[in-house]
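The values are calculated or read from the model by the stated rules, or taken from the named source; none is laboratory data. From a predicted model like this one, the values you see are computed outputs, not experimental measurements. Methodologically, a virtual Cβ is constructed for each residue, glycine included, from the backbone with ideal geometry; neighbour enumeration extends over all protein chains shown.
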Amino acid sequence: MPALDSEALLAVRYDYSRKVLRATFRSSGRTYDYFGVTPREYAEFMAAKSKGAWFNARIRDHHRFEEVRKFGRRSH
């Protein structure tokens, strides 16, 4: 996953075919998949000056997510 210039997010990866944003957080080191993220949302996120603020306003609490674990996922 490419590293980001963000205080909150360590890295993200986007799957265009599945519309899934995978994000790893700096504070916890945990990784989550966010489902239904459009290519436009991803492009806007990558262009945002503050990726953490944009993520909190537009992705978190707006998309279903699952924690990615070494041996599977945990749904939320």
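Things to note:
- Leading residue by the ranking (surrounded by the fewest Cβ atoms within 10 Å (Cβ to Cβ)) among those in region 1-49 that are touching a residue at least 40 places away in the same chain (Cβ under 8 Å) and small (Gly, Ala, Ser): Ala8
- Any chance Tyr14 is in contact with a His (Cβ under 9 Å, 6 or more places away or on another chain) and at pLDDT 95 or above: no
- Of all residues in region 35-74, those satisfying the criterion of being of a type in the set (Gly, Ala, Ser) and closer than 18 Å to Leu10 by Cα are Ala43, Ala47, Ala48, Ser50, Gly52, Ala53, Ala57.
- Search result, residues across region 26-50 that are touching a Leu at 6+ places or on another chain (Cβ under 8 Å) and either at pLDDT below 95 or at positive phi (or both): Arg26, Gly29
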